[in-house]
Structure formats: structure tokens, C-alpha cells
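The values are calculated or read from the model by the stated rules, or taken from the named source; none is laboratory data. These figures come from a predicted structure and were not determined experimentally. Please note: Cβ atoms are built from the backbone with ideal geometry, for glycine as well, and neighbour counts cover all protein chains shown.
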């Protein structure tokens with residue numbers, strides 16, 4: 001997972017315009033959309049292969065999904081949501097996003113506690129994927145449109161998101 005992100009990040013930086021603004025990071029919406037796509041692909045892989053995987057393979061994939069979602073949710077909650085909330089003037093949309101994150105975290109905890117041998121493990125993972133799909137649809141379909149209509153510096157914000165994401169991924173690797 002970090003390898004694909006590093007390659008994408010390298011391509012993005014090399015194709016960016018030169019100058020201070022380009023060096024500050026990727027567009028925030030692009031970075032978040034790439035995370036959404038990456039996690040969606042992992043959920044698709046799980047659904048297609050769940051019956052053919054060993055419990056170890058299943059657990060490894062689900063751990064990747066949960067780790068990616070945990071980091072993604074944290075950078076949105078710490079950096080993205082506080083930056084965009086006052087600019088888009090839609091408290092209901094922002095509040096729903098926070099509540100959706102809380103529900104996702106609770107389901108992730110349940111999945112991690114249960115393990116691949118649990119009676120409802122596959123069902124929990126599939127429901128998590130459905131929650132994520134709903135959250136992504138609202139975020140990209142509503143929130144991102146409103147964010148694009150603001151004067152927020154999406155490159156600067158993307159740089160902060162990317163930096164924090166790398167810090168969190170580094171912390172996760174140290175814990176293993």
C-alpha cells in the first residue's frame with residue numbers, strides 16, 4: 001500500500017508546476033479521492049475472493065483496509081474537516097461526516113476484536129464497505145463540490161494532509 005502511494009506521490013510531484021505552491025503538496029481533494037479509490041478496491045478484492053482466501057490472507061487484507069481507513073479518518077478529522085467546516089457553511093453535512101466516522105471506527109474495532117474466525121466477520125467487513133461507499137458518495141458528491149467553490153488553498157491543505165498521513169503510516173509500521 002505505501003508503495004503505490006509513494007509512486008503516485010512521486011508522479012504527482014514530478015508533473016507539478018514549479019514554484020513554492022506546487023511544492024507544498026498534492027491537491028487535498030485529489031489525495032482524499034485517491035484514498036477512497038484505494039480502499040474501495042480493497043473492499044472489492046475482499047468481496048470477490050473472501051471464499052477463496054485462507055483466514056490468514058483474509059485477516060491480512062482486512063488489516064490493510066482497517067489501517068487505511070483509520071489513517072484516512074484521522075487526517076480528515078484532524079486537518080480536513082476543521083479547515084473546510086467554516087468555509088462551506090453546511091453544519092449538517094459536516095456533523096454527519098463526523099458521526100459516520102464514529103460508526104466506521106466502532107465497526108473497525110468490532111472486526112479487529114472478532115478476527116477472521118468470527119461468525120460475522122465477513123458480514124462485518126462487507127457492511128463496513130457499504131458504510132464507506134455511502135460516506136465516500138456524500139463526501140465526494142456534496143462536500144468536495146462545496147470545498148471547490150471556496151478560496152481554500154487545496155495544495156497547502158493537501159501538503160498538510162499528506163505529511164500527517166505519512167507520520168501516521170510511520171507510527172503504524174513502528175507498532176508492528
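Take residue 3 and decide whether it is under 20 Å from the mean Cα position of the chain (by Cα), part of a helix (DSSP H, G or I), at pLDDT 50 or above and loosely packed, with under 15 Cβ neighbours inside 10 Å. No; evaluated as a whole, the condition is false for this residue. When the range 49-69 is filtered for residues that are buried (at least 17 other Cβ atoms within 10 Å of the Cβ) and part of a helix (DSSP H, G or I), the ones remaining, listed by number, are 58, 59, 61, 62, 65, 66, 67, 68, 69.
Out of the residues in the range 115-125 that are surrounded by 15 or more Cβ atoms within 10 Å (Cβ to Cβ) and part of a helix (DSSP H, G or I), which is nearest to the chain's Cα centre (by Cα)? Out of the qualifying residues, it is 125. Only residues that are at pLDDT below 95 and loosely packed, with under 14 Cβ neighbours inside 10 Å were counted across the range 20-48, and they come to 3.
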